[in-house]
Every structure is written in C-alpha cells, then in structure tokens.
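Here is the structure we will look at.
Just so it is clear, none of the values below were taken in a lab; they were calculated from the coordinates. Predicted model, so just to flag it, every value in this text is computed and none were measured. Don't worry about glycine lacking a Cβ; one is built from the backbone with ideal geometry, like all the others, and counts go over all protein chains shown.
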Amino acid sequence: MSGTKEKEQLIEILSSYSKEKKSLIPLLQDVQTKLGYLPKEAMQKIAGFLEMPEVEVWGVVTFYNQFRFVPLGKHHIRVCMGTACHLAGGKLILEALERELEIKVGETRKDGEFSLERVACVGCCMLAPVMIVGDDIYPKMTPFKAEEALIPYKQESQQ
Amino acid sequence: MIFQEIQNQAKSEWENLQSSTYILIGTATCGRAAGALSTLEAFQGELARRNIEVKIIQVGCMGLCYAEPLVIISKPDSFRVVYGNVTPELVPRLVEGYIVGDDPCLELALGTLEGGEGEAPYIPELPRFEHELRLVFRRCGYIDPVNVNHYIANGGYSSLEKALGRQPEEIIEEVKKSGLRGRGGAGFPTGQKWEFCHKAEGEPKYVVCNADEGDPGAFMDRVVLESDPQQVIEGMIIGGYVIGANQGYIYIRAEYPLAVERVRTALKQAEELGLLGDNILGTGFNFHIGLAMGAGAFVSGEETALMEAVEGKMSTPRPRPPYPAQAGLWGKPTLLNNVKTFANIPLIIERGADWFSSIGTEGSKGTAVFTLAGKLNNKGLTEVPMGTTLREVVYDIAGGIPGDKPFKAVQIGGPSGGCIPAELLDTPIDYDSLREAGSMMGSGGLIVMDEDNCMVDAARFFLDFSTKESCGKCTMCRLGTLQMLHILEDITVGQGKIEDIDLLLRLAEDVKAGSLCGLGKTAPNPVLTTIRYFRDEYEAHILEKKCPAKVCPELTAYYILPEKCERSCEHCVLTCPTEAIKGEKGEIKVIDQEKCVNCGTCMDVCPPEYDAVVKLSPVSLLPSENLSGKGAKK
C-alpha cells in the first residue's frame, strides 16, 4: 500500500464498521472493492482494528477464493468453468487465453493490462462456454473466437 | 399503515399500469448476457425518437433463456405478446407495429399470453407449459422485481398479514401438513425443522436464508432473487415470527452482483412500508434482515460452514449434532433454509397445506425447479410438479437434444449428484427416486450429455471441483478425493489400470464415511454413478486407450483426411494457434501432432463442404507417419 490516498480510503472504510468479528469478511470485501486488492498493510490495519491476531485475518483471506494480493489487470478476464461450460469446451478457451496472453490462470500480466481467472459458474449456462472481460459477457466461445475477442482490448492497450 | 391501505395503494398502481401500454424486458443476468441491455436502450431510443411515452419495466427471467432477450408488450385493450431473441434491429419494427399501430408482429412472437389469436401459439398451451407448474416462478418475468407494489398487488405479503394473526404452532402444523421438504437438496422436512427451532431454548434466535448457490450449472436461486425477491423476504419474516427471532440474514454469493443489488432494494422497500423492521404491520413484532456476502467458497453452502462464514471465520463445517436449529449462529437456535424453501412458505399460508400437498408425489410435495443446460435445444429454467419424469423434462420441456443426437446421460445435482443413463429416463423427479438412482435432487442443476461427452472426463471434472473446494478439515475429503482424482487423471491420459476401477469404488466409500459434511459425503457420487452406468467407458480408456466420446486429449488426435482436404484453402493453417498445421498452398495439410494442443479450431474452421478434419481415438488409428508426435507426448 503505497499512496496516502489508499491509507485515507482505508481509514474511512474502517470508520463505518463495528469492532466485531463478523465485520471481518465484509471489511475485507469492501477494502478489496475500493483498492482493487488486499495490500499487506491493509490486512494488518484490519487485524488491529478488530483486535484479532494477524494470522487469523491471513487465514480467512487465504481461505476464500475472492481475495487477492495483487491488483487485477486493466482488463480482467474470467473464464467460466462451470459444468455446462466445461462440457462445451471451457478448458480449451482457458488454454487459448493463457497462450494468447502469455500468463497462467490466476496471474496478472507484468504490463498490468490483463489478468486471467477461472470462475466456478456465472450462471449463464445456456450460453456456454462463456468468458467475461470486465463486465462484458462473451457467449458461445471457441478458442479462435476468444482470441479474436481480445483484439480490441489489445489495440486499446497499445494506444 | 394498516395492510389494507398498503394493498389498496399497490393494487391501484398495478391497475393503472394494466390500463396503459407497457413493455417488459427481461434483464436478469442471463438476459443481459444475451444483450438485453442493448435491446432496452434501443427501445428507449426509439420511443424518444418518436416522442412516445410508454413505460418500460425491467423484469426478471421467465425461464426461456434460449430465447433471450425476451420482451413482452402489453396493451390495455388487446392481448399480451411475448417476443423472443429481440435484437436492437427488431425494436423499430415492434414499436411501429404494436406500440404505435395494431399489428402485433406475430411472425416475430414466441406466442401470446391470451388465447385464440390466430397464427401465434398461445403460450400456456405450448408443450413446455403444459408440463410446467409455476409456483415459485409464477410472477418471475411479469413483475418489476424492485417495485414492492407489483408484488403486493399480485398477492404478496397477504400471507404475512395472515400469519401474524395466527399462533406460531398453527403455522408449524400447516407447514408440516403441506409436506414441504428443504429445497436446498437434502430434502429435510421443513415443518419439522421449524418446530425444532421454535421449541429450542436460547436467545436470541436467528433466521438464515442460504443463497450461496455454488453448484456449477445451477442458477435457480439467482433467478428467484433477481426476478421476485420479495417472496423470499416474506417467507423469512414468517419464519422469524414462528421461531421467535428478530434478526435474519441472507447469505448470498458475491458472484451474483445483480441479485445482491435487487435484494438490497427489495429489503429497503419492505422496510419503508413497515413490512420489515420494527413493529411490523403494527403487531409489535420486530424483524430485521441483513445481507452477508459469500466470498467464493463452495463449502459455504453447507449449513454449518455457512454460519462460520457469517460469523467472520474460515468457512469449515461443524460436527452435527448439535443441529443449527439448536445451536447455530453464535451458538444460538437458527432456522436455516434455502431460497426456494422460503419462497414456498407464503404460498402454503395463502392457499393452504391441503392444496400444496395435492401437488407432487407421496414423499415429495410441491414443485421441483431445474435449470436446463448442456446438450438441449431449449435451455433455461423450469418448474414442474414433483414426479414429472426426466424424459418429459428433457424432451417435452427442453425440446430434446440438438441434431437429434442420442441422449447419453443427465447429470443432476452438480458435484454432489450423479449421472443418470438413458435406461432410467423414466425416473420420476422426486427426492427418493433420484437418490435410489444414485443421484440426488441437489440444488437443481440438470445438465444433459450426448455421445460427444465423455463420462470419465465428466467424473474427473466434478471431482476436480470437489477437491479444489474441499475446506481441508476432514482427511478423507481432503486427501481421499485427491487420490481419486489422481486415479481418474491417470485413466483419462491412458495410464489407468483395470484394478483402478475397484480401487475407486473402495475409496469412494471411505471418503463418504470419513467426511463431516455434505461436500465430502457426496463428492464421490459422480464417480460412483458413472462407474455404475458407464463402466464400459472406463474400460475402453484403460484397456483400449480409447476415449469413445473423443474428448480426452491424450487419447484423441485431430487428423486431416488427405482425400477430403481441398489443398488451396488455408483456413486451418492460418487459424491454428500453435502453428501445428503444415502444408503450402496447393498441398495437402498435415497436423504436427507434437505441436497440436487439441483445441479443435481446425475442425471448426474447415469449411463444411470439405469437412476434412476428424477426431480419432485411440491415437493408434493415426496413419503411422503421423503417429510419432502423439506417441512422443506420452
């Protein structure tokens, strides 16, 4: 957590929660939404605020899939790996994106442009297989269509 | 305000709406994915351009996901028409035709909601709707989910008013008599649970709604919350009154942002009318509902793990007993039910237990809600009386399998359920019949597979999911499922041994016996049922190194038939992501098996008139000069 702006944001978030254990997960979610990820210092501050050992916060953060320690890429890509998507070839989409973006699932590109994640099910099973870039859902993907869909985002990054 | 006044106000608002022309657009998550928001914009633009004032209401999902974006146009002195696949390009025509003029554009319609209108079918008479019985979904797609008055005008909250005037014991009796069983999947009798919780000692008590719909391939709860959230809230308030709780929580997946937003609005609106909060409807009864958001752990859908999560801890299950009804949230008596269970409650109070128990089978009353996905023509969502057969659902409601391919299996209940083969298609859908077939009702995801789906791969997929999502508390679940997964992985890459099948069966029993919660107890089900009904596929993988469905990449090779390759076309060469296809223009194209990643792009892009790309399994079917690379892979 580098900037003072982040620190100010954190203080503001903390002030709207009660000092109870049940605040932990909502707090972490709130901080992640606002900062984009969970910096180490933020987790320490939360532990201090809730008066619980840091290790307990760490345990909770690493238990749930939602939390992450690095910021997402500018374009965050999620590939659905639900049953319907799997049966329709979701894994091939994921592999195609890994090849195309030169990162593994769960990683963010060094240039910060793209990050790639697998999700369990986004509930759009009739459009399987789907990938989601930011908030835009791309239905009925093939490896080829997935690569094509990235082109505008890549052009945008190059500008 | 007394309820009568609230109701009158809501009814007059609803009647005003009915006496005007209005447009309903389904903008639940599935509709949005299909482009409903562009359709919405197109309507707004077209109406503005023509300077016409017509109300557009964003509604939830009617369940006809295959036809999204879905639009209904309602006119006061004419019939309502349902249009499917409404792209923005169609909008000007619909506005010109049915909003401005009197042409209902029936050629674009799925059907009408009032009967006898010539060429367009009458929707309730379509084969799909003849089998369906919509109870929980009766308002979905027809009312504004974020306008509580629409809900109230259509019968909402009258059950709460009725319930508050009765003794909790009477309501428990009613729910018991109705025969309602938990809609989360396990099917525990709801009335009994309510009674335990009512009698349990300890203060304060809590009500929790489990909306952590984690099964991949299931999205009914999402649709309920996005389309008609008030019925769930009403069910929870009644639950709170019955057990004597003043606080409830809805635990909802963070992956469902739209559902979260609509529920939040619904709670606020209910509070504003005094239907939720302090002194509900002037009776002195207080009940508050808070939202708790899931953080992406499948195990949180298990009731005891869910409570750990609400308390702010790692979501690991607790041993039972004590059951949540005795010691749940913060060790206090807690009534925990699924979204659809709560949604059924107002209906039972409104129409009575006798009516409810007349629907369904001996042991399973009411309706079952399923999402229909996989190899089906009409995917979406359906609600049928318990006892409807799988065949009716697959063929009559979902319109069968694309290309009339043979049905292979239906997977019900997600990672906890099992695969049911064609021989058992006449199995009635109820808790007990499905369990007998080795599957379970589960949360209601129904996924159909055809000959192009590999059953070993499907079992591996589910086990991979359960292994990743195991919380790690119980050794057998943490390590037993992992061992099973390794064995399945060996089989799918052609390194399985025939004794592995029996080993899997033994391990499956141990994992079931050695796990505390439903995740581990049911994780082996997909493996057990696929071995039970599709043992030959396991054997083909092991003995012949062959994947009959040609899915497992290590046992399957793509091959370009030289006699069919057109030579001058280069579609495959240019699109292959790994540059695995060789052949200059004018030469026959050949796939370098060493570079091939089995993505199937060449097969997709090969023009249908040539149709030169085929899949071969076992790999030994490849002509010998092609074989080297694939062989080297192993």
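Data overview
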{"item": "Cβ neighbours within 10 Å from other chains - mean over A:134-147", "result": "3"}
{"item": "Bins of 5 Å, starting at 0 and running to the largest distance - Cα pair percent for the stretch B:103-243", "result": "2, 8, 13, 16, 17, 16, 11, 6, 5, 3, 2, 1, 0"}
{"item": "Of A:LYS104/B:LYS497; A:LYS21/B:LYS268; A:LYS34/A:LYS140; B:LYS405/B:LYS589, pairs whose Cα-Cα distance is over 27 Å", "result": "A:LYS104/B:LYS497; A:LYS34/A:LYS140; B:LYS405/B:LYS589"}
{"item": "Kirkwood-based shape ratio for the stretch B:3-122, expressed as Rg/Rh from alpha carbons", "result": "0.98"}
{"item": "Cα principal axis extents for the protein assembly as shown, largest first, Å", "result": "85, 68, 64"}
{"item": "With Cα atoms, 0 to 90° folded angle of helix B:500-513 axis to chain B main axis", "result": "20 degrees"}
{"item": "Flagged links, alpha-carbon separation over 28 Å, of B:LYS512/B:LYS615; A:LYS40/B:LYS313; A:LYS22/B:LYS177", "result": "B:LYS512/B:LYS615; A:LYS22/B:LYS177"}
{"item": "Shape metrics for the stretch B:156-212, restricted to C-alpha atoms - Rg then Dmax, Å", "result": "12.5, 32"}
{"item": "Averaged over B:369-375, number of beta-carbon atoms from partner chains that fall within 10 Å", "result": "4"}
{"item": "For B:THR382, B:THR575, order by how many other beta-carbon atoms lie within 10 Å, fewest first", "result": "B:THR575, B:THR382"}
{"item": "Packing-based exposure ordering (other Cβ within 10 Å, fewest first) of B:CYS602, A:CYS124, B:CYS569, A:CYS80", "result": "B:CYS569, B:CYS602, A:CYS124, A:CYS80"}
{"item": "Footprinting exposure proxy for B:ARG222, B:ARG134 (fewest neighbouring C-beta atoms within 10 Å first)", "result": "B:ARG134, B:ARG222"}
{"item": "Normalised convex hull volume, the stretch B:367-450, alpha-carbon set, Å³ per residue", "result": "71 Å³"}
{"item": "At 1.002 mPa s and 20 °C, Stokes diffusion of chain B via Kirkwood alpha-carbon radius, µm² per second", "result": "80 µm²/s"}
{"item": "Estimated 222 nm signal from helices in the protein assembly as shown, with DSSP H stretches of n ≥ 4 weighted -39500 (n - 2.57), rounded to 500", "result": "-11500 deg cm²/dmol"}
{"item": "Overall form of the stretch B:156-356 per C-alpha gyration tensor (a/c, 1.5; a/b vs b/c)", "result": "rounded"}
{"item": "Whole-Å distance, taken between Cα centres, linking the stretch B:155-174 and the stretch B:479-555", "result": "49 Å"}
{"item": "Whole-Hz couplings from phi, Karplus 6.51/-1.76/1.60, listed for the stretch A:136-141; x for Gly and Pro", "result": "8, 8, 9, x, 6, 7"}
{"item": "Number of partner chain Cβ atoms within 10 Å, mean per residue of B:26-34", "result": "4"}
{"item": "Reachable lysines, given that their alpha-carbon falls under 19 Å from the alpha-carbon of B:LYS585 and they are not under 8 places away in the same chain", "result": "B:LYS564"}
{"item": "Candidate aspartates and glutamates for bridging to B:LYS199, where Cα separation is under 19 Å - those fewer than 8 sequence places away on the same chain excluded", "result": "B:GLU169, B:GLU170, B:GLU173, B:GLU174"}
{"item": "Convex hull (Cα only) mean projected area of the stretch B:179-258, reported in nm² to one decimal", "result": "5.9 nm²"}
